[in-house]
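Heads up: the structure comes next, in C-alpha cells.
Laboratory data are not the source of any read-out in this text; all were calculated from the coordinates shown. What you see is a predicted model; the values in this text were computed from it and never measured. Neighbour counts are summed over all protein chains in view; Cβ atoms, including those assigned to glycine, are modelled from backbone coordinates with ideal geometry.
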Amino acid sequence: MSNEATPQGWAERWKPSAVAKPPVKTIDVHTHILVPESAKLTAPHFKPEMDPRTFFSSPVTKELNGEFYKLVAAKYTDMDTRLEDMDNLGIDTQLIGLSPFHYFYWADADLAPAVASMQNERIAEMVAVNPRRFVGLGTLPMGHPDAAVAEARRVKDEYGFPGVYIGADITGIDLDHEMFEPVWEALEDLGLVIVLHPAGFTHAERMTDYYLVNVIGMPLSSTLAVTRMILAGVFERHPNLKMVVVHGGGYLGFYSARTDHAFKHRPELRQHIDRPPSEYLAKLYFDITVFDPGMVEHLVATYGADHVLLGTDYPFDMGLPDPLALVADARLTIEERDLIVGGSARRLFGIGD
C-alpha cells in the first residue's frame, strides 16, 4: 500500500501547490474546525446511531479514521498549523466552520443552544487570531428551530459571520419539513449564506463497506436534501435564500435533466412549484471538490463561473489537496478562473481585501 493510501499519507498531503498562485485573492469556502470542549459536553448524551457516518462504517474504516484524526488533530484546532497549510496551497482566506460530526443536532432543548453558542464563540476566537485570513461560518441548533433563529441573529449581529453551516438532514428529518420554515425565513432576512454540508447518510445499511458511507453517502445526502427543498417549494417561498452545496453539489449538477423530465410528466413533482426544478438549482452555488477538471468545466458551463467556488474540505482525507492546480487544469478563461478561486466568494460572502 502506498503512503498516499494510509492515514499518514492523508495527513501529509497538504503540500505546496504545483502551480503559481494567481494575482487575485484566493478564498477557500469549504474547511472544517473542531471544538473539543463541545464534544466533551455532549459525550454523556451521545448514542452511536446519532452519527450516521460512523454508525454505518465498517470496523476497518473506524480504525483508519481513528488513526487519521490523531495525526491531524492540530489542523482542526491550531490556526498557525492551518496558516502554514494555506500558504502551501496558495490560499489567502479560509471560511471556517464545524466538522459536520460536531453539529450535535440530537442534543435536547437545553443542551443544544448552549453547545451551539459555545461553538460559535470558539469560531469567533479562531477568526480573531487573523481576521484577514479567516472568516467564520456559524452553527445553529437546528433540532430546535426557535433556538436556531435566535442563534442565527446572534452570529450575524454579535460576530458578523456571513453564513452558517447546516447539515443535509436534522437527525433524519428532511430540510423541507415545515418545522424549518422559520429558520429559512430568518436566514433569508438576515442575508446569511447557507453552506449545506452532510454528515454521512442516515439510511446507509448498504454503504458500510468500502467507505461508501462517505464516497456515495455524502453527495447522495446533499442531492436528496436539495431536491426535496426544491420540490417542496422552499426556494419558491424564499427566493432570496442563498446556498452553497459542497462536494460540487453532490449529484445535483450532473443529472438534473432527469428531475426536469419527471416534472414534465409526473404530477407529484408539481404540487408546490410550477417551474422546472433546474431553474431553482441554477440559483445555488457549488464548490470544486469534484477532483476532475472536466467536472469543474461542466459546473461552469451549466451554472456559470460566478456560481462555482473554490473549496477543499480541508483537512479531511476526502479533501482536495491542490485546488489551484485543479482550476488551472480546467479549460477555462482567465476571468472564469479568477471568479472561481476567489471573486465569486468575495461577492457572495461580502469578503473585502
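As a rough guide to protection, the peptides 238-247, 13-22 ranked by mean Cβ packing within 10 Å, highest first, stand as 238-247, 13-22. Residue ranges 286-298, 124-136 sort as 286-298, 124-136 when ordered by packing (mean number of other C-beta atoms within 10 Å per residue, highest first). By definition, a body whose alpha carbon gyration tensor gives a ≥ b ≥ c is oblate when a/c is 1.5 or more and a/b is not larger than b/c, and segment 81-223 fits this oblate description. Can you classify segment 1-120 as rounded, prolate or oblate using the Cα gyration tensor, where a ≥ b ≥ c are the square roots of its eigenvalues, rounded means a/c under 1.5, and otherwise it's prolate if a/b beats b/c and oblate if not? It is oblate, given that a/c is not under 1.5 and a/b is not larger than b/c.
Per residue of the chain, the DSSP helices (runs of n ≥ 4 H) give a summed -39500 (n - 2.57) that works out to -12500 deg cm²/dmol at 222 nm. Look at the alpha carbon pairs under 8 Å that are at least 6 residues apart: their mean separation over the length of segment 113-200 gives a relative contact order of 28 percent.
Contact order for segment 3-345, expressed relative to its length and based on alpha carbon pairs under 8 Å spaced 6+ residues apart, stands at 21 percent. A 27 angstrom limit on the alpha carbon distance is what I want to check against. Which of Lys40/Lys75; Lys25/Lys242; Lys21/Lys242 exceed it? Distance filter (> 27 Å) returns Lys21/Lys242.
Remark on Ala168: its backbone amide H falls under 5 Å from those of His197, Ala199, a criterion applied only to residues 5 or more positions apart or on other chains, H modelled at 1.01 Å from N. Thr26 sits among other residues whose Cβ lies under 14 Å from its own Cβ, and their net charge, with Lys and Arg +1 and Asp and Glu -1, is -2. For segment 283-296, backbone phi angles converted through the Karplus equation (6.51, -1.76, 1.60; θ = phi - 60°) give residue-by-residue couplings of 8, 8, 10, 9, 8, 10, 7, 10, 6, 9, x, x, 5, 4 Hz, Gly and Pro being listed as x.
For a test of the definition: using alpha carbon positions, the gyration tensor, and the 1.5 limit on a/c, classify the chain as rounded, prolate or oblate. Cα axes put the chain in the rounded bin. Evaluated at q = 0.14, 0.22, 0.29 Å⁻¹, the base-10 log of the normalised Debye intensity for segment 222-275, with identical point scatterers placed on the Cα atoms, takes the values -0.37, -0.91, -1.26. Of the GluC sites (Glu not before Pro) found in segment 134-179, those that fall in a DSSP loop while having at most 15 other beta-carbon atoms within 10 Å are Glu158.
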